[in-house]
Amino acid sequence: MEKLSAILRPVRREDIERSLVWRNNLDTKARAMSYRLPVTELMEQKWIEEAMDGNKNRIVYAIEETENNTHVGFADISEIDYFNRNAHYSILIGDHSYRGKGIASEAVKQVLTYAFNELNLVRIYGEIAEDNEASLNFHLKLGFKKEGVQRKHLYQNGVYLDKIYVGILKEEFNAQ
(Lines give C-alpha, C1' and ligand atoms only; values in the text may rest on other atoms or scores of the structure.)
Protein backbone atom coordinates (compact mmCIF):
# COMPACT_ATOMS: atom_id res chain seq x y z
CA MET A 1 0.00 0.00 0.00
CA GLU A 2 1.30 3.43 -0.95
CA LYS A 3 1.37 5.67 2.13
CA LEU A 4 0.68 9.37 1.59
CA SER A 5 0.96 12.29 3.98
CA ALA A 6 -1.84 14.67 4.88
CA ILE A 7 -2.17 18.20 6.16
CA LEU A 8 -5.16 20.01 7.57
CA ARG A 9 -5.93 23.47 6.26
CA PRO A 10 -8.79 25.93 6.55
CA VAL A 11 -11.75 25.39 4.24
CA ARG A 12 -11.81 27.69 1.19
CA ARG A 13 -14.50 28.78 -1.26
CA GLU A 14 -12.77 26.89 -4.06
CA ASP A 15 -13.50 23.65 -2.15
CA ILE A 16 -17.20 23.92 -3.06
CA GLU A 17 -17.00 22.20 -6.44
CA ARG A 18 -15.29 19.06 -5.14
CA SER A 19 -17.34 19.01 -1.95
CA LEU A 20 -20.59 19.22 -3.89
CA VAL A 21 -19.63 16.15 -5.93
CA TRP A 22 -18.63 14.20 -2.81
CA ARG A 23 -21.74 15.07 -0.84
CA ASN A 24 -23.98 13.97 -3.72
CA ASN A 25 -22.20 10.64 -4.16
CA LEU A 26 -24.58 7.93 -2.92
CA ASP A 27 -21.84 5.76 -1.41
CA THR A 28 -20.40 8.74 0.43
CA LYS A 29 -23.83 9.76 1.70
CA ALA A 30 -24.51 6.30 3.07
CA ARG A 31 -21.13 5.94 4.78
CA ALA A 32 -20.96 9.48 6.15
CA MET A 33 -24.50 9.45 7.56
CA SER A 34 -24.82 12.92 6.10
CA TYR A 35 -27.73 14.82 4.63
CA ARG A 36 -29.61 12.23 2.56
CA LEU A 37 -31.29 14.48 -0.03
CA PRO A 38 -29.50 16.02 -3.02
CA VAL A 39 -27.21 18.91 -2.05
CA THR A 40 -27.47 21.99 -4.26
CA GLU A 41 -24.63 24.37 -5.06
CA LEU A 42 -26.30 27.06 -2.94
CA MET A 43 -26.56 24.67 0.03
CA GLU A 44 -22.90 23.74 -0.33
CA GLN A 45 -21.88 27.40 -0.59
CA LYS A 46 -23.73 28.09 2.65
CA TRP A 47 -22.06 25.07 4.34
CA ILE A 48 -18.59 26.24 3.25
CA GLU A 49 -19.30 29.83 4.34
CA GLU A 50 -20.46 28.62 7.77
CA ALA A 51 -17.34 26.45 8.03
CA MET A 52 -15.22 29.54 7.35
CA ASP A 53 -17.03 31.83 9.82
CA GLY A 54 -14.89 31.01 12.85
CA ASN A 55 -17.65 29.48 15.01
CA LYS A 56 -16.04 28.64 18.37
CA ASN A 57 -18.18 25.48 18.71
CA ARG A 58 -17.18 24.00 15.34
CA ILE A 59 -13.89 23.73 13.47
CA VAL A 60 -13.85 22.38 9.92
CA TYR A 61 -10.64 21.43 8.14
CA ALA A 62 -9.98 20.55 4.53
CA ILE A 63 -7.69 17.53 4.21
CA GLU A 64 -4.95 17.74 1.59
CA GLU A 65 -2.52 15.05 0.59
CA THR A 66 0.92 16.63 0.57
CA GLU A 67 2.47 15.08 -2.54
CA ASN A 68 0.30 17.09 -4.96
CA ASN A 69 -1.52 19.38 -2.50
CA THR A 70 -4.79 17.78 -3.56
CA HIS A 71 -7.91 18.42 -1.50
CA VAL A 72 -9.26 14.94 -0.71
CA GLY A 73 -11.72 15.41 2.15
CA PHE A 74 -12.85 17.13 5.33
CA ALA A 75 -12.46 16.63 9.07
CA ASP A 76 -14.28 18.52 11.75
CA ILE A 77 -14.64 18.99 15.46
CA SER A 78 -18.16 20.07 16.34
CA GLU A 79 -20.53 20.38 19.28
CA ILE A 80 -17.51 21.51 21.30
CA ASP A 81 -18.49 21.53 24.95
CA TYR A 82 -15.87 23.66 26.70
CA PHE A 83 -17.42 23.05 30.12
CA ASN A 84 -17.43 19.23 29.97
CA ARG A 85 -14.35 19.18 27.70
CA ASN A 86 -15.68 16.94 24.93
CA ALA A 87 -16.63 17.22 21.27
CA HIS A 88 -18.03 15.33 18.33
CA TYR A 89 -15.76 14.66 15.39
CA SER A 90 -16.15 13.36 11.85
CA ILE A 91 -13.98 12.69 8.84
CA LEU A 92 -14.72 12.25 5.14
CA ILE A 93 -12.29 11.18 2.46
CA GLY A 94 -14.49 12.24 -0.43
CA ASP A 95 -12.04 11.40 -3.20
CA HIS A 96 -12.30 7.60 -3.16
CA SER A 97 -8.98 7.16 -4.97
CA TYR A 98 -7.23 8.38 -1.79
CA ARG A 99 -8.90 5.91 0.58
CA GLY A 100 -6.69 3.26 2.15
CA LYS A 101 -3.49 5.28 1.74
CA GLY A 102 -2.98 6.46 5.32
CA ILE A 103 -4.35 9.97 4.75
CA ALA A 104 -7.37 9.53 7.02
CA SER A 105 -5.22 8.08 9.83
CA GLU A 106 -2.83 10.98 9.67
CA ALA A 107 -5.65 13.54 9.48
CA VAL A 108 -7.46 12.03 12.50
CA LYS A 109 -4.24 12.06 14.54
CA GLN A 110 -3.80 15.76 13.70
CA VAL A 111 -7.41 16.52 14.65
CA LEU A 112 -7.04 14.65 17.95
CA THR A 113 -3.72 16.33 18.73
CA TYR A 114 -5.35 19.73 18.25
CA ALA A 115 -8.48 18.79 20.22
CA PHE A 116 -6.56 17.39 23.17
CA ASN A 117 -3.53 19.67 23.29
CA GLU A 118 -4.84 23.01 22.05
CA LEU A 119 -8.52 22.91 23.03
CA ASN A 120 -7.70 20.88 26.16
CA LEU A 121 -10.59 18.49 25.57
CA VAL A 122 -10.66 15.15 27.41
CA ARG A 123 -12.94 13.13 25.09
CA ILE A 124 -13.72 13.01 21.38
CA TYR A 125 -16.57 10.91 20.04
CA GLY A 126 -18.08 9.97 16.71
CA GLU A 127 -20.83 7.89 15.15
CA ILE A 128 -20.72 5.05 12.65
CA ALA A 129 -23.50 3.16 10.87
CA GLU A 130 -23.40 -0.53 11.77
CA ASP A 131 -22.88 -1.59 8.15
CA ASN A 132 -19.72 0.51 7.85
CA GLU A 133 -17.33 -2.10 9.23
CA ALA A 134 -14.34 -0.44 7.56
CA SER A 135 -14.93 2.78 9.51
CA LEU A 136 -15.47 0.94 12.79
CA ASN A 137 -12.27 -1.08 12.33
CA PHE A 138 -10.39 2.09 11.32
CA HIS A 139 -11.43 3.86 14.51
CA LEU A 140 -10.71 0.89 16.76
CA LYS A 141 -7.23 0.66 15.19
CA LEU A 142 -6.67 4.33 16.05
CA GLY A 143 -7.50 3.68 19.71
CA PHE A 144 -11.18 4.63 19.81
CA LYS A 145 -13.41 2.45 21.98
CA LYS A 146 -16.93 1.34 21.16
CA GLU A 147 -19.05 3.29 23.66
CA GLY A 148 -22.61 2.43 22.82
CA VAL A 149 -25.30 1.65 20.29
CA GLN A 150 -28.56 3.32 19.32
CA ARG A 151 -30.61 0.47 17.96
CA LYS A 152 -32.37 0.87 14.61
CA HIS A 153 -31.54 4.57 14.60
CA LEU A 154 -30.83 4.93 10.87
CA TYR A 155 -33.08 4.09 7.94
CA GLN A 156 -31.13 3.31 4.80
CA ASN A 157 -32.10 1.45 1.62
CA GLY A 158 -35.21 -0.01 3.21
CA VAL A 159 -33.38 -1.30 6.30
CA TYR A 160 -33.06 0.04 9.84
CA LEU A 161 -29.47 0.14 11.08
CA ASP A 162 -27.90 0.66 14.46
CA LYS A 163 -25.74 3.72 15.08
CA ILE A 164 -22.51 2.87 16.88
CA TYR A 165 -20.84 5.45 19.10
CA VAL A 166 -17.05 5.45 19.41
CA GLY A 167 -14.87 7.65 21.58
CA ILE A 168 -11.32 8.23 22.66
CA LEU A 169 -9.99 9.88 25.81
CA LYS A 170 -7.03 12.22 25.96
CA GLU A 171 -5.01 9.80 28.13
CA GLU A 172 -5.73 6.92 25.72
CA PHE A 173 -4.55 8.98 22.77
CA ASN A 174 -1.42 10.23 24.58
CA ALA A 175 -0.50 6.66 25.64
CA GLN A 176 -0.16 5.56 22.00
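Residue-wise test of (1) among the aromatic types (Phe, Trp, Tyr); (2) surrounded by 13 or more Cβ atoms within 10 Å (Cβ to Cβ); (3) at pLDDT below 95; (4) on the phi < 0 side of the Ramachandran plot.
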site	(1), (2), (3), (4)
PHE83	yes, no, no, yes
GLU106	no, yes, no, yes
LEU112	no, yes, no, yes
ALA129	no, yes, yes, yes
ASN174	no, no, no, yes
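Can you say whether GLN110 is of a type in the set (S, T, N, Q) and more than 30 Å from LYS3 (Cα to Cα), as far as the supplied structure shows?
Details: of a type in the set (S, T, N, Q): yes; more than 30 Å from LYS3 (Cα to Cα): no.
Judged against the criteria, GLN110 is not a match.
Looking only at region 54-63, which residues are surrounded by 11 or more Cβ atoms within 10 Å (Cβ to Cβ) and over 14 Å from GLU79 (Cβ atoms)? Outline the logic, then answer.
Quick first cut of region 54-63, residues surrounded by 11 or more Cβ atoms within 10 Å (Cβ to Cβ) only: 55, 57-63.
Of everything in region 54-63, those that are surrounded by 11 or more Cβ atoms within 10 Å (Cβ to Cβ) and over 14 Å from GLU79 (Cβ atoms) turn out to be TYR61, ALA62, ILE63.
For region 87-109, how many residues are closer than 15 Å to LYS170 by Cβ and either in contact (Cβ under 8 Å) with a residue 60 or more places away in the chain or part of a helix (DSSP H, G or I) (or both)?
Start the filter on region 87-109 by keeping residues that are closer than 15 Å to LYS170 by Cβ, which leaves 87, 89, 108-109.
Now drop any that are not either in contact (Cβ under 8 Å) with a residue 60 or more places away in the chain or part of a helix (DSSP H, G or I) (or both), which leaves 108-109.
Residues in region 87-109 being closer than 15 Å to LYS170 by Cβ and either in contact (Cβ under 8 Å) with a residue 60 or more places away in the chain or part of a helix (DSSP H, G or I) (or both): 2 in total.
Which ones in region 131-172 are surrounded by 15 or more Cβ atoms within 10 Å (Cβ to Cβ), hydrophobic (A, V, I, L, M, F, W, C) and within 25 Å of LYS101 (Cβ to Cβ)?
Of everything in region 131-172, those that are surrounded by 15 or more Cβ atoms within 10 Å (Cβ to Cβ), hydrophobic (A, V, I, L, M, F, W, C) and within 25 Å of LYS101 (Cβ to Cβ) turn out to be LEU136, PHE138, LEU142, PHE144, ILE164, VAL166, ILE168.
Mind listing whichever residues of region 125-176 are more than 21 Å from GLN110 (Cβ to Cβ), of a type in the set (Val, Ile, Thr) and within 16 Å of the chain's Cα centre (by Cα)?
Hit for region 125-176 is ILE164, nothing else.
Tell me yes or no: at least one residue of region 114-124 is within 15 Å of the chain's Cα centre (by Cα), closer than 22 Å to ILE93 by Cα and not in a strand (DSSP E or B). Lay out the reasoning, then the answer.
Going through region 114-124, the residues within 15 Å of the chain's Cα centre (by Cα) turn out to be 114-115, 124.
Applying the additional criterion that residues be closer than 22 Å to ILE93 by Cα yields 114-115, 124.
Those still in the list that are not in a strand (DSSP E or B) too: 114-115.
Scanning region 114-124 turns up at least one residue that is within 15 Å of the chain's Cα centre (by Cα), closer than 22 Å to ILE93 by Cα and not in a strand (DSSP E or B).
Please go through region 57-73 and pick out each residue that is within 16 Å of the chain's Cα centre (by Cα) and within 15 Å of GLY102 (Cα to Cα). Write out each step before concluding.
Going residue by residue through region 57-73, those that are within 16 Å of the chain's Cα centre (by Cα) are 57-65, 71-73.
Hits for region 57-73 are ILE63, GLU64, GLU65, HIS71, VAL72, GLY73.
Confirm whether GLU44 is crowded, with 16+ Cβ neighbours inside 10 Å, more than 16 Å from the chain's Cα centre (by Cα) and part of a helix (DSSP H, G or I). First the steps, then the outcome.
Numbers: crowded, with 16+ Cβ neighbours inside 10 Å: yes; more than 16 Å from the chain's Cα centre (by Cα): yes; part of a helix (DSSP H, G or I): yes.
Criteria met by GLU44.
The values are calculated or read from the model by the stated rules, or taken from the named source; none is laboratory data. Because the structure is predicted, anything quoted here is derived from the model rather than measured. Cβ: placed from backbone, ideal geometry, glycine included. Neighbour counts: every protein chain shown.
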